[in-house]
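The values are calculated or read from the model by the stated rules, or taken from the named source; none is laboratory data. Given the structure is predicted, the values throughout are model-derived calculations rather than measurements. We place every Cβ from the backbone using ideal geometry, glycine too, and count neighbours over all the protein chains shown.
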Amino acid sequence: MRLQCPMPKLDFDIITLGHGSGGVLTNKLLDAGVFDILQNDFLDQRHDGVVLNVDGPFAFTTDSFVVSPIKFPGGDIGDLAVNGTVNDLAMCGAIPLYLSLSFIIEEGLPMEEFWEILVSIKYACDKAGVQVVTGDTKVVEKGSGDKIFINTTGIGRLHTDAQIGTAFIQEGDCIILSGQIAAHGIAVMSQRDGISFETSVVSDTKNLNFCVEKLLDKYGKQIHLLKDPTRGGVATVLNEVARDTALGIEVEQAKFPIDSEVRGACELLGLDPLYVANEGLFLAFVAADIADEVVDLLHQTGEGKEAAIVGVVTAEHPRKVLLKSAIGGTRVVNMLTGEQLPRIC
């Protein structure tokens, strides 16, 4: 259930250049929104940085979010920023702890829209168990941005049993997909000016850290690689792995979980769902003898209830990804060339 945080009565309705000046208006914006909604002991210090105590090895990641439109079925740029950064840490085998949060806001953004983004950020942070501990706000002239861009940096403590990387992938490893593909890209496209169409598809944006933690708790080093197929989709991740390991990959089209409405929308738009962006699923490369157990465990979680084994790593056809089609043929799946879906995350 979303947070119920009514916007306080303010003496301004839109973001102006003055809100990025560092003066009175900046402080009013931060006090009325960021510090109030995201309040915690670290942020309350209101310092230029933060001192953190992270025991042992930790993971560190950064990302920027420029999605258009900033609100789409199933989410908005706020929860997308939090979930995207949390998931990048989880793919490293880390337990996400802290985030930085920086806004670049275009002059003229309605304060109500900014408030909704802040509420989404707070909700996503609470759900993922992370805290925003530092950040920054800048305002640019109207026409110099696109409503709002968000940059996040994440820090997480490495799971004691994590040993994740392409160097650990072996011939015979099974490839598991944690959920249905292409929902996020289609949800965003359905709202884009000039392309919009009626659909009930919603973005799959969500945090995956607790799901991944359960996998690592039980299987540890038998989980060889985790990757979230965001920009470029599943096909790009598979090609990156084949390239970096000098091994081959074989997948079966019929085994990929995909919603029928998403498939239909892809056909309508002339898109291959394997290249469409995702924001709430991951690919796991795991030892063959635990693959079925991993799928069973994922099915017990809300994040992986539609998980499936979709392929295998092979020593044949090095550095190539082969797809067995639903009608029985086989084709090479190449890495995405050019731009299939602009401004999707």
Test result for residue 259, of a type outside the set (S, T, N, Q), assigned by TED's automatic domain parsing to the domain that holds residue 199 and within 25 Å of residue 210 (Cα to Cα): yes
Qualifying residue in the stretch 316-332 (condition: within 27 Å of residue 190 (Cα to Cα), free of Cβ contacts under 8 Å to residues at least 12 places away in the same chain and surrounded by fewer than 13 Cβ atoms within 10 Å (Cβ to Cβ)): no
Subset of the stretch 32-61 (residues that are touching a Cys at 6+ places or on another chain (Cβ under 8 Å) and of a type in the set (Gly, Ala, Ser)): 59
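Only one of these is part of a strand (DSSP E or B) and at pLDDT 95 or above: 121, 155. Name it.
On the way: 121 fails: part of a strand (DSSP E or B).
Just one listed residue meets the conditions, 155.
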Residue within the stretch 22-37 that is touching a strand residue (DSSP E or B) at 6+ places or on another chain (Cβ under 8 Å), in a loop (DSSP other than H, G, I, E, B) and either in contact (Cβ under 8 Å) with a residue 40 or more places away in the chain or not assigned by TED's automatic domain parsing to the domain that holds residue 150 (or both) present: no
